[in-house]
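K.L.:
One structure, as structure tokens, below. Some questions next.
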Amino acid sequence: MADRTGSHAPFLPMLHDAMEHTETMSEETLNALSNALRIPASYIHQAASFYHYSNLGKDHVLREGTCGGPTCCLPGVGVRRGTPGEGIACPGLCDQAPAALAGGVFRGTAADPFLPPPPPASVDGVEEVLFHDIRIPGLRSLDVYRANGGYEQLRRVVEQDDAEEVIVNLRASGLLGRGGAGFPLAAKWQAVRETPGDRKYVVCNADEGEPGTFKDRPLLHLNPHLLIESMAIAGHVVGATAGVIYLRYEYPEAYDVLNEAIAEAEAAGVLGDFDLQVARGLGSYVCGEETSLLNSLEGLVPWPRERPPFPTQKGLWGLPTVINNVETFCSVPAILERGADWYRHLGRDESAGTKLYSVSGRVARPGPYELPLGATARELIEVAGGGPLPGRAIKGYTIGGISGGLLAAEHLDMPLDYAAPRQHGFALGSGGVVVFDDACCVVDLVRTCMLFYEAESCGKCFPCRVGTVRLRERLDALTGRAEPSANLIDEFNEIGAAMSANSACGLGQAAPLVLHGLVRFFGEELEAHRQGVCPAGVCHFL
Amino acid sequence: MAVMVGRGAMTNSIAELENAKLIFATGTNTTETHPVLALRVKRAVARGAKLIVADPRRIELTGLADRWLRLRIGTDIPLYNAMAHVIIKEGLYNKEYVERRTEGIEELADFVKGYTPQVAEKISGVPAEDIIATAREYATAGNAAIIYTLGITEHSCGVHNVQSLANLGLLCGYFGMESAGVNPLRGQNNVQGAGDAGCTPNYLPGYQRISNREAREAWEREWGVPIDPNPGKTKISILDEIMEDKVRCVYIMGENTAVSDANVLKTRAALDRVEFLVVQDMFLTDTAKMADIVLPAAAFAEVDGTFSNTERRVQLLNKAVEPPGEARADWEIFLDIINRMGYPLHYNHASEVWDEQARNSPILAGINYDRIRMQGIQWPCPTTDHPGTPYLHKEEFFSEKGYFQPVPHVDLAEPPDAEYPLILTTGRRRPTYHTGTQTGRVDGFELLVPREGLEVHPDDADALGIADGDLVEISSRRGSLQLNAIITDKSPEGVVFMTFHFPEGVLTNILTTDAHDPVTETAEFKACAVKVAKVTEPEEIPASG
Amino acid sequence: MSVTATIDGKSVDIREGESILEAARRCGAEVPTLCYDSRVDPSASCRLCVVKVDGRRLPVASCAHALTADMNVTTSDDELEENRKTILKLVLSENPTEECRSCIERGPCELHSLATDYGVESDYYDGAISGRIPEDSNPFIARDYSQCILCYRCTRVCNELEQAHAIIPEGRGFGTNIVAPFHESLLGSNCTFCGQCIQTCPTGALMDKKMLGKAVAEDVTKVRSICPFCGTGCGIELNVAKGEFIGVTPDWDAPASAGSLCVKGQFGIDFIRSPDRLTTPLVRRDGVLQPATWDEALTLLVDKFQTVRAESGPGAFALWSSARAPSEGNFLMQKLARAVLGTNNIDNCSRT
């Protein structure tokens, strides 16, 4: 077993090491891991058996499967999903749908799975921040990155050594966390900076597991140094010398890209004493929840933690920790370079800055797009995404990937900002939008979403573990797989209410949102299904 | 320890262990012998307490420990002396406490000068730097608890082992401090109670010396008869007196001495010889089988009564079921005999027996059944409004002061040699208890540790050509027996291990030496010289040697 | 500075380290829980104990959050109760039980007590069930996860309290199973059979196999006693039905053990009903031990003692008492020695 003693979070790397040697993990391997990590073997077993792609408590590593995500299961894109457990979790290839895992490689329709295409050309008149440089050939290399101004902001921050100034700037920029919760970045960094402690961590949440969301991927693949520089700046500001990028299992190429870039940056000495490492996940949506992510790094089962304490106080290994997602981190250097005012005014109305949106499903040009924060769904779908497929009419769309909610065509002019979706009890979330049209069945789509939540529910808390299953079963019935019960809507409402209010983390809280959208905006189609009719002709009734 | 601070009991309470900042566990396989008490140690560790374990064998505790001092068997004294050496030399001891409450620091300081960590390393095999680090951490912990069991006392130098260990507690002021102290964990449920009740040759009930006239007179008044002012004979002396026909009648209650004694063949010879043997027990044990009269005793669940646990807590037993057949409570049997012996006596209830014991025992005087109905009380408890004493020596010792005891290292009574090159050490396993009289009769326990095996280190096994599961013969100067080998590195090279839980298959104590501590007469169960050989022609495992 | 908080309109003093749940219960609020065991860290799994705290967008799990100064807590309102009821319906639907063996034999279990309180039936939501019954021949712990609600109390007690690390949740979500890694049966696993998992189980999923089917709850009386094995002195309750000992439950109030037991105290007491128990005195006649009456045996004994004392004096007697027998027997044995026979030759077996 490789020596990982220098690792900030050795569990995941060692589990990957151990998996390389055996098809099914043996008790001996587990015990060796336990001894090396000084974590009881039982905890390692619990943690490792949790992940989709570990081989502990299972026969083998999962190497084949088609994507069970909402985009890939739309008519005309992929196959209609059957039973639970079938289909892999969305691997973030929605712009290349349908995606699949074949021979251990995640691939979409792109020719080379290891060379993802850069984002489509920017939309006319939009000033890009995050994607500004991304189409520059060779940007992955340190030289090219530096030639385009890279590491200048880190150098300045280190030279000027005025962390307060950085935080003042970030506050003025209005940058909110792009992970979904929309917490002001400056406040978070300030909190970690002010929490006393010799050792602190900077953690990047690169576990982009939200279905219909694939906007961090180009940044990780094509502009790794931007993230590295941003995290190093964070380290300097909050007083942390250790950083970890938690990268989702489904982005294996990014693992190599990031490691090479880190090695290059370290060799060139641009990171100073900031020690940055990459930990690869093993397949789990809930690890995108920041406290689950921390548990995952520590080798514990990635169930969410109760907050408070917040990670800013007790994060990785109980130490003060900045944890932001890729997009948030990567916004920082440009703000420092061009100023808070400039950045703030990039957004629409009250919103500050730009946002990376992912649009997929039944649109002409699916892809990741950078638009002003607050752009409407119509702009994203019609201007950036190229509008509906020929001859089709958009029926509705999900937001926040699927976890922000479900809206109908009549809501296309809703701004995709933090405030507007709240009017419906929804959320901007990751900025992913999955579009469906008149060829699609909204009930079937909602069922696909619920299959995903069921598969990803961690099992810790009662309402989510059982609620996702009970909701999906009722959607089974609506889509022709069983006899629907008489008080279906009541059941939807009461289970959904209990999940939203009482679940331990965002997964269970958000899972009923698509259902709320269905009940509220697609009542007619829902009622038709109760009568045994699928207007789109997707569902087959018994 | 009684010599030093006036009492040999656990100084502190079980629950207090949880809040110790450092626990030094030595000669105790606590997780096996006291599983529930060990939870306190585990919880202390989980809360951040440091755990340092001194033990020749790899045990569960060594896996939890921050440091494992793997000392050679029988080298406790140089280890603790060297710790005292470091603590004194570096001025880490509690000077105010030592000044005010102890005597003999100069003598001790002088004596341990020769026990440098380097000297101790040579003898014990524990690296000098580990000894130094342990001494420093122990002395500066704030409150550190020592726990030990038979790994310390079951040696021919058992008392000296304890004393050299207790010196450390005295140096650092840990006697009389909450969540600290020096704590022997008693092995059997009511060892403390049997002692409390005066079942020792030199103590009346309540640990009052038989030579103490005042105490004796109190009991004489109570009983209306004179009491012999001279101490009686210990069990080991009695065995010799039986062989000399001086002792003619032996009455044994609830003890399978024909199995559990060290050098058990010697005990059996004496019990064979004694003119009249009475055994009172729940079962027809090997000892009972040798008796002239066997009296059927009720089990704990069939009587009202008390047990005193290792933390000096007197706790109440309530009768739950009737004894089988004609079995009777121990106290009722004795009451009957006493009356038949012409000494008229009457108690309405077990509580009256207790009251008699308590009222003439100052440390127990405040304890009665009504007070312990919900929770036990820890002695000393002199009056009925006294809450009991969670930890001893808070303000003062039972003796006037705490007396340091400089004690030298001595070799094992029976060191290994060319003929018997290995050391046999004996111990216990969790699911089984003592001679198996009880646990051998519990449904399902046979699945947990089905039978005895001899644990042999892989290197020794290689040298002896033994494979796991092989039938081997183990011999000491006193006897030999056959059993299957278990190859494991739990014990260090040169040491083999077994328990005495399965006398029907393997009568372990045929092998052990009866060399014993001159004061307590506790035998050196923890080390005797043996040889082990593979049995080439398998035969049935004999019932005894 | 204020050192109080408000729970359901009542002012409550703040106590160091006290959770909202503990504080609420202290001042009389009835907050339901299923995953709570005060001896281990809260896991906030069952989500029944959620309460509303002013300033928090969502209700919080009261077991896992400290009550802090000026907090304004609502433990019960229509919405909270409605959601609790829904969660109970969900839980009851995960592994519905026709007949809860715990309710029958141990008295109402926590799950079904709550179900009764909330008027919830187990078949409210039909759907898949998650539990399985492992093939486990171990003689102590009856595991039937078709009655399990995955509250993880057993695994937390096993790993955090006992630190035996024998059982653990494996897998995720609805497919989570409680397993002993790599072992279908607990035999051969890390399990020490302390039985604490049984004692914390809020349903009938984990039961004392030795007691199973022995009696119904109404017939059982519990008699407090002390474990007769090692010197720790753990508190036990002897369960007695119709005059027969049927098994052990821990005494939660015992100071030395606080409810913990090991395999011996939990499962090792049935030696008392062994057929090997001596039921009559035995006397040696013609070299063979034969049953006798008490009168015969004690007459013989006393005659011999009187004779030997007359012939050889008190020094011819030796009495060895038992460190396993109750103190009262020990005391009277030494009284027999000192006051009646006149010898101090009284010793006990503590040296072995």
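The values are calculated or read from the model by the stated rules, or taken from the named source; none is laboratory data. If you're wondering where the values come from, they're calculated on a predicted model, not measured in any experiment. Glycine also receives a Cβ, built like all others from the backbone with ideal geometry; neighbour counts cover every protein chain displayed.
K.L.:
Could you tell me whether A:Ala191 is modelled with pLDDT of 95 or more, of a type outside the set (Ser, Thr, Tyr), surrounded by fewer than 22 Cβ atoms within 10 Å (Cβ to Cβ) and under 25 Å from A:Pro421 (Cα atoms)?
P.N.:
Criteria not met by A:Ala191.
K.L.:
Could you check, for the range A:272-285, whether at least one of its residues is in a helix (DSSP H, G or I), closer than 20 Å to A:Ile88 by Cα and modelled with pLDDT under 95?
P.N.:
No, because not a single residue in the range A:272-285 is in a helix (DSSP H, G or I), closer than 20 Å to A:Ile88 by Cα and modelled with pLDDT under 95.
K.L.:
Now, a different point. What is the number of the single condition among (1) closer than 29 Å to C:Ala241 by Cα; (2) surrounded by fewer than 21 Cβ atoms within 10 Å (Cβ to Cβ); (3) more than 14 Å from chain B (Cβ to nearest Cβ); (4) touching a Phe, Trp or Tyr at 6+ places or on another chain (Cβ under 9 Å) that C:His112 does not meet?
P.N.:
All conditions are met except number (4).
K.L.:
Looking at the range A:93-100, is at least one residue closer than 17 Å to A:Ser284 by Cβ and either surrounded by fewer than 21 Cβ atoms within 10 Å (Cβ to Cβ) or in contact with a helix residue (DSSP H, G or I) (Cβ under 9 Å, 6 or more places away or on another chain) (or both)?
P.N.:
Within the range A:93-100, the subset closer than 17 Å to A:Ser284 by Cβ is none.
Within the range A:93-100, not a single residue is closer than 17 Å to A:Ser284 by Cβ and either surrounded by fewer than 21 Cβ atoms within 10 Å (Cβ to Cβ) or in contact with a helix residue (DSSP H, G or I) (Cβ under 9 Å, 6 or more places away or on another chain) (or both).
K.L.:
Here is a further query. Identify the single condition in (1) buried (at least 20 other Cβ atoms within 10 Å of the Cβ); (2) part of a helix (DSSP H, G or I) that C:Val308 does not satisfy, given that it satisfies every other one.
P.N.:
The single condition C:Val308 does not satisfy is (1).
K.L.:
How many residues are part of a loop (DSSP other than H, G, I, E, B) and crowded, with 17+ Cβ neighbours inside 10 Å if we restrict to the range B:327-342?
P.N.:
3
K.L.:
I need every pair where a residue in the range B:250-262 that is outside the structural domain of B:Leu507 (by TED's automatic domain parsing) and over 21 Å from B:Ala527 (Cα atoms) has its Cβ under 7 Å from the Cβ of a residue that is at pLDDT below 80 and in a helix (DSSP H, G or I), sequence separation at least 6 or different chains.
P.N.:
From residues that are outside the structural domain of B:Leu507 (by TED's automatic domain parsing) and over 21 Å from B:Ala527 (Cα atoms), the pairs are B:Glu255/C:Cys349.
K.L.:
When you go through A:Phe329, A:Phe436, A:Phe426 one by one, which is the residue that is at pLDDT 95 or above, aromatic (Phe, Trp, Tyr) and assigned to a strand (DSSP E or B)?
P.N.:
None of the other options fit; the residue is A:Phe436.
K.L.:
Need at least 1 residues that are of a type outside the set (D, E, K, R) and farther than 19 Å from A:Pro333 by Cβ per element, so show me which helices (runs of 4 or more DSSP H) inside the range A:157-262 make the cut, counting only ones lying wholly within it.
P.N.:
A:185-194
K.L.:
I need every pair where a residue in the range A:336-349 that is of a type outside the set (Gly, Ala, Ser) has its Cβ under 6 Å from the Cβ of a residue that is modelled with pLDDT of 95 or more and not in a loop (DSSP other than H, G, I, E, B), sequence separation at least 6 or different chains.
P.N.:
If the second residue must be modelled with pLDDT of 95 or more and not in a loop (DSSP other than H, G, I, E, B), the pairs left are A:Leu336/A:Gln153; A:Glu337/A:Gln153; A:Tyr343/A:Ser173; A:Tyr343/A:Ile335; A:Arg344/A:Ser173; A:Leu346/A:Thr354; A:Leu346/A:Pro372; A:Arg348/A:Pro372.
K.L.:
Scan the range C:272-292 for residues that are surrounded by fewer than 24 Cβ atoms within 10 Å (Cβ to Cβ), at the interface with another protein chain (Cβ under 7 Å from one of its Cβ atoms) and not small (Gly, Ala, Ser) and jot them down.
P.N.:
C:Ile272, C:Asp276, C:Arg277, C:Thr279, C:Thr280, C:Leu282, C:Val283, C:Arg284, C:Leu289
K.L.:
I would also like to ask the following. What helices (runs of 4 or more DSSP H), lying completely within the range B:198-307, carry at least 2 residues that are at the interface with another protein chain (Cβ under 7 Å from one of its Cβ atoms) and at pLDDT below 95?
P.N.:
So the answer is B:235-243, B:257-260.
K.L.:
Next question. Would it be correct to say that B:Glu16 is out of contact with any Cys (no Cβ under 8 Å at 6 or more places or on another chain), at pLDDT below 90 and assigned to a helix (DSSP H, G or I)?
P.N.:
For B:Glu16, the condition - out of contact with any Cys (no Cβ under 8 Å at 6 or more places or on another chain), at pLDDT below 90 and assigned to a helix (DSSP H, G or I) - is not met.
K.L.:
Here's another thing I want to ask about it. Filter the range B:315-326 for residues that are facing chain C (nearest Cβ under 7 Å) and either modelled with pLDDT under 95 or closer than 14 Å to C:Glu328 by Cα (or both); which is surrounded by the most Cβ atoms within 10 Å (Cβ to Cβ)?
P.N.:
The qualifying residue surrounded by the most Cβ atoms within 10 Å (Cβ to Cβ) is B:Gln315.
K.L.:
Could you tell me whether B:Thr102 is crowded, with 23+ Cβ neighbours inside 10 Å, in the same structural domain as B:His160 (by TED's automatic domain parsing) and not aromatic (Phe, Trp, Tyr)?
P.N.:
Taking the combined requirement at face value, the residue satisfies it.
K.L.:
Take C:Thr221 and decide whether it is modelled with pLDDT of 95 or more and within 10 Å of chain B (Cβ to nearest Cβ).
P.N.:
Spelling it out, C:Thr221 is indeed modelled with pLDDT of 95 or more and within 10 Å of chain B (Cβ to nearest Cβ).
Let's see how each residue does on (1) out of contact with any His (no Cβ under 9 Å at 6 or more places or on another chain); (2) under 27 Å from B:Ile423 (Cα atoms); (3) modelled with pLDDT under 90:
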residue	(1), (2), (3)
B:Ile52	yes, yes, no
B:Gly63	yes, yes, yes
B:Leu69	yes, yes, no
B:Gly74	no, yes, yes
B:Ile87	yes, no, no
B:Gly91	yes, no, no
B:Glu103	yes, no, yes
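K.L.:
Still on this structure, please answer the following. Could we say that C:Gly329 is facing chain B (nearest Cβ under 7 Å) and either crowded, with 24+ Cβ neighbours inside 10 Å or over 45 Å from the mean Cα position of the chain (by Cα) (or both) here?
P.N.:
yes
K.L.:
Go through C:Arg153, C:Arg224 for me and flag whichever is among the basic types (Lys, Arg) and within 30 Å of A:Val466 (Cβ to Cβ).
P.N.:
From the options C:Arg153, C:Arg224, the qualifying one is C:Arg153.
K.L.:
Which residue, of A:Gly459, A:Gly467, A:Gly431, is closer than 20 Å to A:Leu93 by Cα, small (Gly, Ala, Ser) and crowded, with 24+ Cβ neighbours inside 10 Å?
P.N.:
Only one candidate passes the filter, namely A:Gly431.
K.L.:
Looking at (1) buried (at least 22 other Cβ atoms within 10 Å of the Cβ); (2) part of a helix (DSSP H, G or I); (3) aliphatic (A, V, I, L, M); (4) within 14 Å of chain A (Cβ to nearest Cβ), which is the only condition C:Ala24 fails?
P.N.:
Among (1) buried (at least 22 other Cβ atoms within 10 Å of the Cβ); (2) part of a helix (DSSP H, G or I); (3) aliphatic (A, V, I, L, M); (4) within 14 Å of chain A (Cβ to nearest Cβ), C:Ala24 violates only (4).
K.L.:
Also, quick follow-up: Report, by residue number, each residue of the range C:228-242 that is within 7 Å of chain B (Cβ to nearest Cβ) and within 19 Å of C:Gln196 (Cβ to Cβ). Steps first, answer last, please.
P.N.:
Start the filter on the range C:228-242 by keeping residues that are within 7 Å of chain B (Cβ to nearest Cβ), which leaves C:228-234, C:238, C:240.
Those that are within 7 Å of chain B (Cβ to nearest Cβ) and within 19 Å of C:Gln196 (Cβ to Cβ): C:Phe229, C:Cys230, C:Thr232, C:Gly233, C:Cys234, C:Leu238.
K.L.:
Being under 21 Å from B:Pro35 (Cβ atoms) and surrounded by fewer than 20 Cβ atoms within 10 Å (Cβ to Cβ) narrows it down to one of B:Val449, B:Val410, so name that one.
P.N.:
B:Val449
K.L.:
Looking only at the range B:441-461, how many residues end up being more than 8 Å from every other protein chain (Cβ to nearest Cβ) and touching a residue at least 24 places away in the same chain (Cβ under 8 Å)?
P.N.:
Residues flagged as more than 8 Å from every other protein chain (Cβ to nearest Cβ) and touching a residue at least 24 places away in the same chain (Cβ under 8 Å) within the range B:441-461 amount to 12.
K.L.:
Give the range C:281-307 a look and list any residue that's in contact with a strand residue (DSSP E or B) (Cβ under 8 Å, 6 or more places away or on another chain) and either closer than 15 Å to B:Lys289 by Cβ or outside the structural domain of C:Leu341 (by TED's automatic domain parsing) (or both), or say none.
P.N.:
C:Pro281, C:Leu282, C:Val283, C:Arg284, C:Leu289, C:Gln290, C:Pro291
K.L.:
I'm trying to understand the selection: among the residues of the range C:216-239, which are surrounded by fewer than 20 Cβ atoms within 10 Å (Cβ to Cβ) and of a type in the set (A, V, I, L, M, F, W, C)?
P.N.:
Hits for the range C:216-239 are C:Val216, C:Ala217, C:Val223.
K.L.:
Does the range C:171-182 include one or more residues that are farther than 22 Å from C:Cys109 by Cα and within 14 Å of chain B (Cβ to nearest Cβ)?
P.N.:
No - not one qualifying residue is present in the range C:171-182.
K.L.:
Can we say A:Ile44 is at the interface with chain C (Cβ under 10 Å from one of its Cβ atoms) and in contact (Cβ under 8 Å) with a residue 24 or more places away in the chain? Give the derivation first.
P.N.:
On the way: at the interface with chain C (Cβ under 10 Å from one of its Cβ atoms): yes; in contact (Cβ under 8 Å) with a residue 24 or more places away in the chain: yes.
Here the answer is yes, as A:Ile44 does meet what is asked.
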